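First the structure, in the form of structure tokens, and then the observations on it.
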Amino acid sequence: MLEGFEALPLLLFVLVFVLILAGYPVAFTLGGVAVVFGVFVFDIDFFYLLALRIYGIMENYVLLSVPLFVFMGIMLQKSGIAERLLDTMALLLGRMRGGLAISVVLVGGLLAASTGVVGATVITMGLISLPTMLRRGYSVPLATGTIAAAGTLGQIIPPSVVLVLLGSVLGISVGDLFSAAFVPGMLLVGMYFMYVIAFAMLVPQAAPPIPAEELRAFRAEGFWGKVVSAFVLPLLLILAVLGSIFAGIASPTEAAAVGAMGALLMTLAQKKLSWKVLQEVSIATTHITTMVFTILMGATAFTLVFRATGGDDYLIRLIESAQLSPYAFLALVMLVMFMAGFFIDFIEIIFIIVPVILPTLVAMKLDLVWVGILMAVNLQTSFLTPPFGFALFYLKGVAPVEVKTKAIYRGVIPFIALQLILLLLLVVFPDLVTWLPRYLKS
């Protein structure tokens, strides 16, 4: 084993980032660079150590919830429940200026609490609500920004794949992260509400109400039946998944299985389930899950080599020599993660950066549940930050031709600012994160 070569972990880290920014696939970049460095450091014994690490991933029961939550989200997209929920909510709030945008935020929150899959939510709301908002005279930046931001609520509102992956990497309870994320998630929804209402008041022509005759037609016949049928199924699924976790009845993995089965039954109840739909959902779930776990295996190899070359010890010594306080170090980490979000996906950020700084966080005795929620809110911005925000790509892919990329970028800027304000609030008032997990355990 190579001793005393402190530049090696830094070289490893820089090389990975350069190759990723050059466009090489993340999973194979992480794994490939790690194997080359690993053989150089450990000789052939590296492959034995790597096999043990990968076997540890295979034994991780919590990670089983990832494909189950993904399956649940994609199946709900196929069920038509989201479409009916959006239509009903828009007409309920139709008298208000900005009511359609508020309904998009509210439905985004409900879908986040029942799916946790950003791509499915953004695509669904983009297909259903964006043409309607544009037809009714909504400002293009307001419409696109609201849809993209509401679609990313699944990153912080449980059940969230981000929280599952963070819990696994940080070595903490996913159930604790779910309960800790509930209050910040609701706060973010409230902040989105306030922004849309303020925008509609300041620029009323950019967020017009729905015409009165259309509202009368909606309310004329079977009004309450429409409302109940639109809301009851999503709320039952939320209750089954989150209620079972918060009540201590089921682990996150067991609750994910309940959610997957619930989504399947709801699609059946809507008469949308067919062999073709099941096949499409299964293939999409396999693609997403394979991507996540391939990156995870590459990141595991990377972390193994980084720590073996003394990278974590070097980082701790560097911080000690710089005399950074725990909060200053945390601020630096948040800044690095935010900047990385402009260029790489949240999965890569979790698997590259978090394992590297974890020993330092532990050494500084920071509350890892609180830190995990700060990271989740920070990572949520990576879906919205140009040029590579995935929510922006999803929305552009389903938007009408007249919607320009520039308008989408302009629309998300206020929502990114709101997410950063929430991040600051959670730093200043940590009880917003820690109160609910403490209460549920008391």
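Between E402 and L424, full extension at 0.36 nm per residue minus the direct alpha carbon distance yields a gain of 4.3 nm. Label sites at K276 and D367, each approximated as a point 7 angstrom past Cα along Cα to Cβ, lie 5.2 nm apart.
Distance between the 7 Å Cα→Cβ label points at T290 and F193: 4.3 nm. Helix 161-170 and the longest principal axis of the C-alpha atoms of the chain enclose an angle of approximately 20°. Taking 0.36 nm per residue of separation and subtracting the current Cα-Cα distance, fully stretching the chain between Y24 and R438 would add 144.7 nm. Sequence-ordered 3J(HN,Hα) estimates for the range 372-382 from the Karplus curve with 6.51, -1.76 and 1.60 and θ = phi - 60° stand at x, 5, 4, 5, 4, 5, 4, 5, 4, 5, 5 Hz, glycine and proline given as x. Within a straight-line Cα-Cα reach of under 27 Å, K272 can be paired with the following lysines, leaving aside sequence neighbours fewer than 8 residues apart in one chain: K78, K226, K396. Under the convention that each Lys and Arg Cβ holds +1 and each Asp and Glu Cβ holds -1, the size of the dipole of the chain around its Cα centre is about 1620 debye. Each label point was placed 7 Å from the Cα along the Cα-to-Cβ direction; for F393 and Q323 their separation is 4.5 nm.
Computed extension length for I413-L236: 60.3 nm, one decimal, from 0.36 nm per residue of separation with the Cα-Cα distance subtracted. Amide H to amide H, which residues 5 or more places from A250 or on other chains are under 5 Å from it, using H placed in the peptide plane? Long-range HN contacts for A250: I245. Rounded to the nearest angstrom and listed largest first, the equivalent-ellipsoid semi-axes of the chain from its Cα gyration tensor are 40, 23, 21.
Within the straight-line cut-off of under 30 Å between alpha carbons, the lysines reachable from K441 are K365, sequence neighbours fewer than 8 places apart in one chain being disregarded.
Any read-out appearing in this document is the output of simple, stated calculations on the displayed coordinates, not a laboratory observation. Treat the numbers as computed from the prediction; the structure is a model and nothing was measured. Because the Cβ atoms are built from the backbone with ideal geometry, glycine has one as well, and the counts that use them run over all protein chains shown.
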